Amino acid sequence: MNQDLNQKPLSKKDYFVVSSMLFALFFGAGNLIFPLHLGQMAGAHWFLAMLGFLVTAVALPLLSVLAISVTKSEGVYDIGKPLGPVFALTFMVLIHATIGPLFGTPRTATVPFTVGVQPLLPESWARPGLLLFSALFFVFAFLIAYQESNILNSLGKILNPLFLLLLFSIFLLAFTSPMGKAAAQPAITEYHHAAFFNGFLQGYNTMDALAGLAFGVTVVTAVRQLGKTTPSSNAKVTAKAGLFATAAIGILYVGLIWLGATTLAHFKLSADGGVAFNQIVTFYMGGIGHALLATLMTLTCLTTAVGLVAAFAQDFHKHFPKISYHVWLSLMCFASFVTANFGLDTIIEWSTPMLMFLYPFAMVLILLSVCSPLFDRDPVVYGLVVGFTTIPALLDMVTAFPPVVSQSGLGKALTAFQQSVLPFSGIGMDWVVPALVGAVLGLGYHFLHPVFSRAYQN
């Protein structure tokens, strides 16, 4: 098809709806709790930590949306396709498993329950309460995502504006009467000298760069429903809406990180950002704050859950078409429900190693995709960069495992090797130098090989 079904420019309202949907897909459980906790850990160094966090939690997700646009892809599979169908399919499955039923999607149910609902229940009701809450949560997510055409309307027009209204009511109270001066609060040791890089690594926890790749098919489908059916016009709308959405998220992160730092004037460093958020709401709103908190967290996490389960079902139906979209959707929701009942702490503990493994691959693939017109998506460039990234990513995963793995004999040996051989391993950036070496070799081959080939023929 050479022409769009809708050849008129989209209205501001259309862009707002698509941007609102993207915002809702990105901004979920981790996007509330991790920046708050970062602010508490960084204290007076909150600004530097915030800059690092914005790189991986805002700039990188925006680049992931741009990667989808530049390569005219329809999902995470297409991003990995230059490396062959086996790699592309494996990468897609790992991404969807991580942000899907293993870690990301179950977290969308456990966070609102742990932070907003559990404090209202007797301690003995914690497990049955989580069982009932997560069952209802994923039933609603299934029903909203069941009709693909309703995703844009449900997320962009209803749930997201309601969530923003609730969140800004808390911001208004916090900004008009701060708990304390953020610049005067203590920081934990790690943030005294490496606040930027620790903030950078904390941004992994949002999983938004991975989610941006996975949401590609959902966003492309939604934009097509607005009549922008050709790849070029669809890509332009996606990129523009992505810029608006991630800019809005960045503004919220700045406020949340600052807010987390101010809490140290009244509260001790909490175990996680969920506890901090509960403290903030209770401080400003008293008893009614708990009900508001439960509502806010459930809404924002439900919007993200819908996007995750829909993207999972759409991508898997596309590549395994014998199983229908609705069956994949059912399997995703049920698996997420089961994992959610292991509890929030267990999910976070075991998700970190997978994120440390996948994020270097995601970052280099996103950057390669954005820059791919410069080297015609040459598979040699992709292969060398990804190949040189593999060993550091594997070592980062081993180091990040819980003590049962990382403190074993093999785990200690691999960590010692990593720290003695790879630069920047102490700050979790040991993949950077190998990836750059791969890029130099790959680009050198791409641009010099034709020259030598012509010279040889002559």
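Going by what's in this entry, would Ile323 be described as part of a helix (DSSP H, G or I) and among the hydrophobic types (A, V, I, L, M, F, W, C)? Reasoning before the result, please.
On the way: part of a helix (DSSP H, G or I): no; among the hydrophobic types (A, V, I, L, M, F, W, C): yes.
The answer is no for Ile323.
As an exercise: evaluate Trp328 against (1) at pLDDT 90 or above; (2) loosely packed, with under 15 Cβ neighbours inside 10 Å and give the number of the one condition it does not meet.
(2)
For (1) within 30 Å of Asn341 (Cα to Cα); (2) modelled with pLDDT under 85; (3) buried (at least 16 other Cβ atoms within 10 Å of the Cβ); (4) assigned by TED's automatic domain parsing to the domain that holds Ile251, each residue gets a yes or a no:
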position: Ile170; (1), (2), (3), (4): yes, yes, yes, yes
position: Pro178; (1), (2), (3), (4): no, no, no, yes
position: His192; (1), (2), (3), (4): no, no, no, yes
position: Lys236; (1), (2), (3), (4): no, yes, no, yes
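What are the residues in region 346-400 that are in contact with a His (Cβ under 8 Å, 6 or more places away or on another chain) and crowded, with 18+ Cβ neighbours inside 10 Å, if any?
Once the filter is applied, which keeps residues that are in contact with a His (Cβ under 8 Å, 6 or more places away or on another chain) and crowded, with 18+ Cβ neighbours inside 10 Å, region 346-400 yields Asp378, Val381.
Pairs under 8 Å by beta carbon, first residue closer than 13 Å to Leu308 by Cβ in region 318-341, partner surrounded by fewer than 14 Cβ atoms within 10 Å (Cβ to Cβ) and of a type in the set (Phe, Trp, Tyr), six or more apart or different chains?
Correct list of pairs: Trp328/Phe320.
Scan the helices (runs of 4 or more DSSP H) fully inside region 336-414 and keep the ones with 2 or more residues being under 23 Å from Gly444 (Cα atoms) and not aliphatic (A, V, I, L, M).
Correct list: 344-371, 379-400.
Return only the number of the condition from (1) in contact with a Cys (Cβ under 6 Å, 6 or more places away or on another chain); (2) surrounded by fewer than 24 Cβ atoms within 10 Å (Cβ to Cβ) that Gly28 does not satisfy.
(2)
For the structure I just gave you, tell me whether Val58 is under 30 Å from Ala265 (Cβ atoms), touching a residue at least 40 places away in the same chain (Cβ under 8 Å) and in contact with a helix residue (DSSP H, G or I) (Cβ under 6 Å, 6 or more places away or on another chain).
So Val58 fits the description; yes.
Which residues, taken from region 264-311, are in a helix (DSSP H, G or I), of a type in the set (Phe, Trp, Tyr) and under 24 Å from Asp345 (Cα atoms)?
Hit for region 264-311 is Phe277, nothing else.
Select from region 222-231 the residues that are modelled with pLDDT of 75 or more and either part of a helix (DSSP H, G or I) or not hydrophobic (A, V, I, L, M, F, W, C) (or both) and list them in ascending order.
Residues satisfying the conditions are Ala222, Val223, Arg224, Gln225, Gly227, Lys228, Thr229, Thr230.
Kindly indicate the residue of region 83-94 that is at pLDDT 90 or above and of a type in the set (Val, Ile, Thr) and also surrounded by the most Cβ atoms within 10 Å (Cβ to Cβ) among those meeting that condition.
So, considering only residues that are at pLDDT 90 or above and of a type in the set (Val, Ile, Thr), the one surrounded by the most Cβ atoms within 10 Å (Cβ to Cβ) is Thr90.
Residue under question is Gly80, and the condition is that it be assigned by TED's automatic domain parsing to the domain that holds Leu296, buried (at least 21 other Cβ atoms within 10 Å of the Cβ), modelled with pLDDT of 90 or more and touching a helix residue (DSSP H, G or I) at 6+ places or on another chain (Cβ under 9 Å); does it hold?
It is true that Gly80 is assigned by TED's automatic domain parsing to the domain that holds Leu296, buried (at least 21 other Cβ atoms within 10 Å of the Cβ), modelled with pLDDT of 90 or more and touching a helix residue (DSSP H, G or I) at 6+ places or on another chain (Cβ under 9 Å).
One line per residue, one yes/no per condition, for (1) out of contact with any helix residue (DSSP H, G or I) (no Cβ under 6 Å at 6 or more places or on another chain); (2) of a type in the set (Phe, Trp, Tyr); (3) assigned by TED's automatic domain parsing to the domain that holds Phe91:
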position	(1), (2), (3)
Leu394	yes, no, no
Met397	no, no, no
Pro402	no, no, no
Leu410	yes, no, no
Phe417	yes, yes, no
Ser420	yes, no, no
Gly428	no, no, no
Val432	yes, no, no
His449	yes, no, no
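Only one of these conditions is not met by Thr346: (1) more than 19 Å from Thr56 (Cβ to Cβ); (2) hydroxyl-bearing (Ser, Thr, Tyr); (3) in the same structural domain as Leu32 (by TED's automatic domain parsing). Which number is it?
(3)
Kindly provide the set of residues from region 254-291 that are buried (at least 24 other Cβ atoms within 10 Å of the Cβ) and under 30 Å from Val65 (Cα atoms), ordered by number.
Leu256, Ile257, Leu259, Gly260, Gly273, Gly274, Phe277
The values are calculated or read from the model by the stated rules, or taken from the named source; none is laboratory data. As the structure is a computational prediction, the values presented were derived from the model and not from experiment. Neighbour counts run over all protein chains shown; Cβ positions are idealised from the backbone, glycine included.
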